[in-house]
Amino acid sequence: MEGLNAQEQRELQSRMEKKQMKEFMTMYSNMVQHCFDDCINDFTSKTLGSREEGCVMRCIDKRMKGSERIGNRFQEQNAAMAQSGALPGR
Amino acid sequence: MEGLNAQEQRELQSRMEKKQMKEFMTMYSNMVQHCFDDCINDFTSKTLGSREEGCVMRCIDKRMKGSERIGNRFQEQNAAMAQSGALPGR
Amino acid sequence: MEGLNAQEQRELQSRMEKKQMKEFMTMYSNMVQHCFDDCINDFTSKTLGSREEGCVMRCIDKRMKGSERIGNRFQEQNAAMAQSGALPGR
Amino acid sequence: MASLFGRRPQPSSAEKIAAAEAEIDLVSDMFNRLVQSCTKKCIPSDYRESDLNKGESVCLDRCVAKFFEVNVKVSEKMQGQAAAGGAGGGGMFGM
Amino acid sequence: MASLFGRRPQPSSAEKIAAAEAEIDLVSDMFNRLVQSCTKKCIPSDYRESDLNKGESVCLDRCVAKFFEVNVKVSEKMQGQAAAGGAGGGGMFGM
Amino acid sequence: MASLFGRRPQPSSAEKIAAAEAEIDLVSDMFNRLVQSCTKKCIPSDYRESDLNKGESVCLDRCVAKFFEVNVKVSEKMQGQAAAGGAGGGGMFGM
């Protein structure tokens, strides 16, 4: 990213914002799908049972904490790797 | 979408058409992959056996009927949810 | 693609190059994820054991050879199908 | 979501179209995931008949309803967390 | 596919490029799925050797051939349904 | 990667932005895959508690470290192969 001038940086910035939104959307959809897949297995009723609902709530909490933790480790590792020259994170 | 003028609506419309085509492509590819994965497990021959072919034909039929039914329910739910303010479907 | 003039072909060419890069990226990420998923199952340590490392190296090799072989067959089949009129490969 | 940042007085055409497009993309992505999850849960992969039978049909209907309920839970919970200062979530961009 | 609608007398440059691109995207997506499916079916995930052995190689070749056959079946069937009035399919946009 | 071809004396703005974007996309894709893989390996899908327990937390930390190690191996190996004449890889476009 070092070679960009001010206007190029603004353009990139604006695309980054779109990507952030898309990233958030993906995270959101993944959450819905995974918590649904893991917690809902009974189709004798069309509304969530209290057991299913509890599972979904804990699933959301736990997965958010999990991604947050992974995100922190990822940034540390990525910063460390930025020097080493491997592909991602440059 | 309420805030768009006529020209913006045309632009959006044209992008929607591209998305429809992409959506169709995804549906098509998913069909090939899922019916292949579920029906083909014998690699002692390089052509489909009649049992495999039957499975594939029923797979396509059943999955199309399934997505159609899900699509109908989805639109009903989505319309109902449009008032409630949750994320998708506004 | 037959109906494009020279300038359209250049535009398409430039998009193709982006797609090639993206295709390579997808292949790369898939490799990392699949070899990780298949070879790493011990989290009592934070560095790869020699057994895990061996598995990863063979995984990369074997998967690359596999995609190369599949790519060759794919191109043959695709060329053969180009006459027949089915959807992909025209 | 864009309104969370509240920076710009008047969104441009491009921005409004982008927002409408993002919304459509989310709904479309959700629909694809819904088809994937409910097909897996309700339709056995041996495909004995071409038609959906009664049990499969009812299962799909209930599955869609429950998927929407889960979606609402996730939506509420994440809006709650965002309002509470947005601790969780993580993600690469620290959202 | 765009030609199904048959609306426009002369496609513009942008439209022709978009159509060519869509075609490439479909082939590319198919290829990725093919690699995924056939690798899973033919290559055991313990990776004992670096090389493809004879059995794995033959399995891959046949797998590609069968994948194409399935693709043709899907293509024919969906064209048939579209011609017959396009009942099935569903999907968000009612295609 | 574009520099492998070494055709253009001065990359244009659009090209520089595209390269920066491609890099961000790769990192973002990697992160999503990392979350997927490590969540699957470290967090049991019965969700008995809302909090990460000690074992799960430590597992996630180690999982991230090992994922990066695998990433480095893949990167080195593929650069080696590209340098050696780029035999392997296959892919639709013969890369």
(request) Output the residues belonging to region F:16-74 that are at the interface with chain A (Cβ under 7 Å from one of its Cβ atoms), of a type in the set (S, T, N, Q) and either closer than 28 Å to residue A:55 by Cα or in contact with a Phe, Trp or Tyr (Cβ under 6 Å, 6 or more places away or on another chain) (or both). (result) F:32, F:39, F:45, F:50, F:57
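Would you be able to say whether some residue in region B:3-10 is of a type in the set (Lys, Arg) and within 24 Å of the chain's Cα centre (by Cα)?
Of all residues in region B:3-10, those of a type in the set (Lys, Arg) come to B:10.
Narrowing the set further to residues that are within 24 Å of the chain's Cα centre (by Cα) leaves none.
For region B:3-10, residues of a type in the set (Lys, Arg) and within 24 Å of the chain's Cα centre (by Cα): absent.
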(request) Please go through region A:62-85 and pick out each residue that is acidic (Asp, Glu) and buried (at least 19 other Cβ atoms within 10 Å of the Cβ). (result) none
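So which residues in region B:48-58 are crowded, with 17+ Cβ neighbours inside 10 Å, at the interface with chain E (Cβ under 9 Å from one of its Cβ atoms) and part of a helix (DSSP H, G or I), if there are any at all?
To start, the set of residues in region B:48-58 that are crowded, with 17+ Cβ neighbours inside 10 Å comprises B:48, B:52, B:55-58.
Subsequent filtering for residues that are at the interface with chain E (Cβ under 9 Å from one of its Cβ atoms) retains B:48, B:52, B:56-57.
B:52, B:56, B:57 - these are the residues of region B:48-58 that are crowded, with 17+ Cβ neighbours inside 10 Å, at the interface with chain E (Cβ under 9 Å from one of its Cβ atoms) and part of a helix (DSSP H, G or I).
Here, each number is a calculation from the coordinates, and none is a lab measurement. In this text, all values refer to a predicted model and were calculated from it rather than measured experimentally. Here the Cβ is made from the backbone with ideal geometry for all residues, glycine too, and neighbour counts use every protein chain on show.
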